[in-house]
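First up is the structure itself, then whatever we jot down about it.
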Amino acid sequence: MSEQLAIELEGIDKRFGAVQANKDINLKVKKGSIHGIVGENGAGKSTLMSILYGFYHADGGEIRVDGKTVTIASSQAAIALGIGMVHQHFMLVDNFTVLENVILGAEGGARLSEGIGRARAELKRLEADYDLKVDPDAITGDLPVGLQQRVEILKALFRGADILILDEPTGVLTPPEADHLFRILRVLRDEGKTVLLITHKLREIMAVTDEVSVMRRGEMVATRETSKTSMGELAELMVGRRVLLDVEKTPAQPGAPLLSVEGLNVRDARGVDVVKDVSFEVRAGEIVGIAGVSGNGQSELLEAIAGIRPARSGIVTIDGTRIDLAAARRDPAEIRSYGLAHVPEDRHRMGLVTRFHEYENAILGYHRDPACGRGAFLDLDAIRATARAGIEKYDIRPPDCSLKTANFSGGNQQKIVLAREIERDPAVLLVGQPTRGVDIGAIEFIHKRLVALRDAGKAVLLVSVELDEVRALADRVLVMFDGRVVGERAPETAESELGLLMAGATQEAAE
Amino acid sequence: MFDTLILILDSTVRLSTPLLLAALAGLYSERSGVFDIGLEGKMLGAAFAAGAAAAVTGSAWIGLGAGILVSIALALVHGFACITHRGNQIVSGVAINFLAIGLTALLGQDWFRQGGRTPPVTGDARFETLVLPFADALREVPVIGGIYSELLSGHNVLVYIAFLAVPFTWWVLFRTRFGLRLRAVGENPAAVDTAGISVTWLRYRAVICTGILCGIAGAYLSVAQSAGFIKDMTAGKGFIALAALIFAKWKPVPVMFACLLFGFLDAVAIRLQGQQVPGIGEVPVQAIQALPYILTVVLLAGFIGRAVPPKAGGTAYVKERS
C-alpha cells in the first residue's frame, strides 16, 4: 500500500547566530493522520514548524507538500498550500468579534460586506462538520481559552487548511477541554485532514497520535508508530537517557504546622475578589500541592502569603510568627525574615533580573544580608563565592557566575532561583510553577531537590498548573477554583476526579 | 441671544476644523500602532508649504497639494524611523516637531524675507467661502434660517471636507478590509503577520493617511482660515488634537465631538475677551486664552475614565524568535 505523504521534509537546516536550531531534519507525515512531534523545550520543534508555516526561512533543505517541492516564503504562501497553524500564544485580536478574527487576512473583498455573509455561512458549515461551536458575534477576548483556541482552528479551516499544525495546544486547557480538543482532532483526521501536534507532554502523544517523531537538540532522532512505543521509550529518546517520570519518595512524615493560613481574602486591582476565604496549613516534612487551571487565584494566593500583594484579610503564621496580613502593608523582606522563601511563578518577571550577572541574581533580595557586605557596600568576593557554591551544588551550566543571567537556559535560570531561596535554609518554601519552561533533565533535578527539602523537615507549598507534577510531588493536593479551595484530595486520586474539581464541578457532584 | 449663540457656534466650526483634521489624521496612525506626537510638526510644515506654494502660484489648490506632499514626506520620515528601523516613536515625533519649527522659519525668512511669514494670499490663492443653495433665500426664516444660512452655509470647502471625513473614516475603519486590518495591526500585529499580511506595508499606508489629513489641516490654517503662513501658527493645535483623540478613545465620531468641544471653548474664549463677566469683572485675556488648555487637562485627568490605547501602540513589531 503506497501511502500518500502530506508533508515531506528533507535535510532542513536552520541556524540563529551561534545556535543550530534545526540540523538536517527529515520528516514524513502521512496524509490523514495525526502526527506528534515531541521534544524538550529548545529542541527545535517550534522553529521547524515556523519554517513550515513560512515564518522563518530554512538555511537549507527541501520541503515537499503533497509530493510537490515547494518554497514557503511567507505565511501567505503556507496558507495557499493549505497549511494552517494554531500558535501556542493565540494570534487573535482580543477586541474583535470571532467573525472578524476568522476573516482577518481572508476578507473576500475590499469592502467587508462582500465577504462577511459568506464567512458566516462557512462558519456554520464548519461548525456542523467538525463540532466546532463558537458564537461568531462574541468578543474574542471575553471567551474562555478553550473557545479562543477553537477560533484559531476555525481560522485555519476557513482558509482551507488541509494540514493543521498545533503548537503546544493544551498548555492552557483544563483536562476536559483538552479531551474535547482531542475529539475535534480525531474528527478532523477522519475527514481527511492531516494534523501535526507539537507538544512536550507524552501522555497526549499516547492519547491521540498515530505516529510520533522525537526531536532532541535540533535533530530528529526517531519516528515511531504510537501503538508500538511507550512513554518510557519516548522520554528516553527525548533526553538521550533513561529518566524517572515518577518522583521517588518515601511517605511523608508530617510534624508540627510550619505555615498556616486562615481566612485569606485578596481583591485585585480590578476590584475582583480573586482569593476567597482560603484556609489551610502545611506541616513540617510535607509538600502540599495546589492544583488548578491557571487564573483561579493560585498566583494571587502565593503572592499574598509572600507579602508581595496586599490582602484584604487573613492571618498567616510562619514558623510560629503570627502575621495579620490586613493589619499593615507587609513587605516581602519582613515576611522572609520569619523564615519563608519564595520561588515565584514567573522567574523573568519576579525571580530574576535577566540582564544582571549570575552572581548578582544569586543574592537578589538578600543583598542586606551581612554575608553580602557591610553598610552600603557589597562584598563582591563573598557574593561570588556564594554564587559559585550554588552553581556547584545545583549543577548550573555553564558554571560561570559572571555571565549575564539571560544567557542561561530556562532550566538553569530556575536552578539559580532555587539555589538562592533554598540555601538560606527557610522553614517554609513557597514555590510556583517550578518547572515551567524547564527541560526534562532539570525537572528531575528540581523535583528531587524539593523532596529533599521536605525530608529535611521543611514545609513546602507547591503551586503548579501541571497536574502530573502536583500529583507526583505533593503529599496532599488542594484544588483551587474561582478563588476558593474546593477540595482536598490524596495525590493518588484519579485524574478525572481532580480534573472535574479543577473545572469547577461542585464539590457535592465530585464527591 | 440666539444670534450670539449662532455666532459662537459658527466660529466653533471654523476653529474645530483643523483640530478635527489633525485628530482624524492621528487616528489612522495610532490605530495602526504607531503613536504620533508629530501631528503638530506635520501641520506646521504643511501650513508653510501651502502658504508658500499658494503665494507663488496664485492657486489655493496647488497650495493644498504642496501642503499634503510635505506632510506625507514628514509622515514617511516618521514611518521610516519607527516602522522600518523600529525607532522610538515618541522621540521621532518630537524630532519632527522641532524640524518643522526650525525649517519653516528658516526657509520662510530665506525665501520671502518677511520675518518668517509668507506673502499674504488673496483671491484664487485662498479658499473662499461657499454659499450653500438657497442660503440667501432662507436667511429670514426664524431659527432654521439662522442655523442653515449662518452656521451650515458660508464655510470654505476644507471645512466641509473635514466634517465629511468623519463618516468616511468610520466607514473605512469598520466597513472595509483595510480598516479591519488597520485595527488588527494596532492591537496584535503578530495576528496580522501570521494571517499572511505585511505589518510594515500596512503601517506605512496608515501613516500616509495621517500625512494626507495633516496636510489638509495645515493648508486650512494658512490658505483658508488665515491669508498666509505665520511663524508657529499651529500654536499647539496638534497637541490639542492628540488630546481630543485620546479623549475620544480613538473613535471617529467621538473625535468629532471632542474637537467641537475644544473649538467651542476657543470660540467662547475669543468672545469673552474684553467683556465684563458678571460678578468677576473683566477677565484677563491670558486667563481666557488658557481656558481650553486648562479644560483639556481637567477633562483628561478626571472625566473620561480609562482611555485604553491600541494595545500594540508605541512598539515596533519584531518577529518573535521562539
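The values are calculated or read from the model by the stated rules, or taken from the named source; none is laboratory data. Given the structure is predicted, the values throughout are model-derived calculations rather than measurements. Please note: Cβ atoms are built from the backbone with ideal geometry, for glycine as well, and neighbour counts cover all protein chains shown.
Does A:Met49 satisfy the criteria of being in contact with a strand residue (DSSP E or B) (Cβ under 9 Å, 6 or more places away or on another chain), within 8 Å of chain B (Cβ to nearest Cβ) and either buried (at least 22 other Cβ atoms within 10 Å of the Cβ) or among the acidic types (Asp, Glu) (or both)? No: the conditions fail for A:Met49. Select, from A:Gly117, A:Gly60, A:Gly82, A:Gly67, the only residue that is surrounded by 16 or more Cβ atoms within 10 Å (Cβ to Cβ) and either more than 7 Å from every other protein chain (Cβ to nearest Cβ) or acidic (Asp, Glu) (or both). A:Gly82 is the lone residue from the list that is surrounded by 16 or more Cβ atoms within 10 Å (Cβ to Cβ) and either more than 7 Å from every other protein chain (Cβ to nearest Cβ) or acidic (Asp, Glu) (or both). Is there a residue being in a loop (DSSP other than H, G, I, E, B) and either touching a Pro at 6+ places or on another chain (Cβ under 9 Å) or in the same structural domain as A:Arg183 (by TED's automatic domain parsing) (or both) anywhere in the stretch A:113-120? The answer is no, given that none of the residues of the stretch A:113-120 is in a loop (DSSP other than H, G, I, E, B) and either touching a Pro at 6+ places or on another chain (Cβ under 9 Å) or in the same structural domain as A:Arg183 (by TED's automatic domain parsing) (or both). For residues in the stretch B:86-99 being in contact (Cβ under 8 Å) with a residue 12 or more places away in the chain and not in a helix (DSSP H, G or I), which is farthest from B:Lys231 (Cα to Cα)? Checked the stretch B:86-99; the qualifying residue farthest from B:Lys231 (Cα to Cα) is B:Arg86. Of note, A:Gly499 satisfies the criterion of being in contact (Cβ under 8 Å) with a residue 24 or more places away in the chain and either more than 18 Å from A:Val343 (Cβ to Cβ) or among the small types (Gly, Ala, Ser) (or both).
Condition check ((1) surrounded by 13 or more Cβ atoms within 10 Å (Cβ to Cβ); (2) within 21 Å of the chain's Cα centre (by Cα); (3) at pLDDT 95 or above; (4) not in a helix (DSSP H, G or I)) across all residues:
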{"residue": "B:Trp111", "(1), (2), (3), (4)": "yes, no, no, no"}
{"residue": "B:Pro142", "(1), (2), (3), (4)": "no, no, no, yes"}
{"residue": "B:Ser149", "(1), (2), (3), (4)": "yes, no, no, no"}
{"residue": "B:Arg181", "(1), (2), (3), (4)": "yes, no, yes, no"}
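When the residues of the stretch B:120-140 are filtered to those that are among the acidic types (Asp, Glu) and part of a helix (DSSP H, G or I), the one that is surrounded by the fewest Cβ atoms within 10 Å (Cβ to Cβ) is B:Asp136. Taken over the stretch A:366-380, the residue count meeting the criterion of being on the phi > 0 side of the Ramachandran plot and surrounded by fewer than 11 Cβ atoms within 10 Å (Cβ to Cβ) is 1.
Scanning the stretch A:412-425 for residues that are touching a Lys or Arg at 6+ places or on another chain (Cβ under 9 Å) and part of a helix (DSSP H, G or I) yields A:Asn412, A:Gln413, A:Gln414, A:Lys415, A:Ile416, A:Val417, A:Leu418, A:Ala419, A:Ile422. Strands (runs of 3 or more DSSP E) fully within the stretch A:281-357 that include at least 2 residues being under 24 Å from A:Pro254 (Cα atoms) and in contact with a Lys or Arg (Cβ under 6 Å, 6 or more places away or on another chain): A:286-291.
Among the residues of the stretch A:155-172, are any surrounded by fewer than 16 Cβ atoms within 10 Å (Cβ to Cβ) and either touching a Cys at 6+ places or on another chain (Cβ under 6 Å) or among the aliphatic types (A, V, I, L, M) (or both)? No, the stretch A:155-172 contains no residue that is surrounded by fewer than 16 Cβ atoms within 10 Å (Cβ to Cβ) and either touching a Cys at 6+ places or on another chain (Cβ under 6 Å) or among the aliphatic types (A, V, I, L, M) (or both).
Only one of the numbered conditions (1) within 30 Å of A:Ala256 (Cβ to Cβ); (2) within 19 Å of the chain's Cα centre (by Cα) is violated by A:Ile443, and that is (1). Would you check if A:Thr97 is within 14 Å of chain B (Cβ to nearest Cβ), among the hydroxyl-bearing types (Ser, Thr, Tyr) and more than 26 Å from the chain's Cα centre (by Cα)? Taking the combined requirement at face value, the residue satisfies it. Of all residues in the stretch B:169-207, those satisfying the criterion of being of a type in the set (Gly, Ala, Ser) and more than 7 Å from every other protein chain (Cβ to nearest Cβ) are B:Gly179, B:Gly186, B:Ser198, B:Ala206. Of the candidates A:Val282, A:Val275, A:Val288, the single residue that is over 22 Å from A:Leu450 (Cα atoms) and surrounded by 21 or more Cβ atoms within 10 Å (Cβ to Cβ) is A:Val275. Apart from one condition, A:Pro399 fits all of (1) surrounded by 22 or more Cβ atoms within 10 Å (Cβ to Cβ); (2) touching a helix residue (DSSP H, G or I) at 6+ places or on another chain (Cβ under 6 Å); the exception is (1). Evaluated against (1) within 18 Å of A:Asp162 (Cβ to Cβ); (2) loosely packed, with under 15 Cβ neighbours inside 10 Å; (3) of a type in the set (Ser, Thr, Tyr); (4) within 12 Å of another protein chain (Cβ to nearest Cβ), A:Ser75 falls short on exactly one condition, (2). Per the listing A:Gly82, A:Gly44, the residue uniquely on the phi > 0 side of the Ramachandran plot and modelled with pLDDT under 90 is A:Gly44.
Under the condition of being touching a residue at least 60 places away in the same chain (Cβ under 8 Å), part of a helix (DSSP H, G or I) and within 19 Å of B:Ala195 (Cβ to Cβ), the residues counted in the stretch A:39-81 number 4. The residue that is nearest to the chain's Cα centre (by Cα), counting only those in the stretch A:343-388 that are under 14 Å from A:Gln413 (Cα atoms) and β-branched (Val, Ile, Thr), is A:Val343.
Considered as a group, the residues in the stretch B:59-101 that are under 17 Å from the mean Cα position of the chain (by Cα) and among the polar types (S, T, N, Q) include one that is nearest to B:Gly211 (Cα to Cα), and that residue is B:Ser71.
Note on the stretch A:455-511: enclosed helices (runs of 4 or more DSSP H) holding 2 or more residues that are modelled with pLDDT of 80 or more and under 21 Å from the mean Cα position of the chain (by Cα) are A:467-473, A:495-502.
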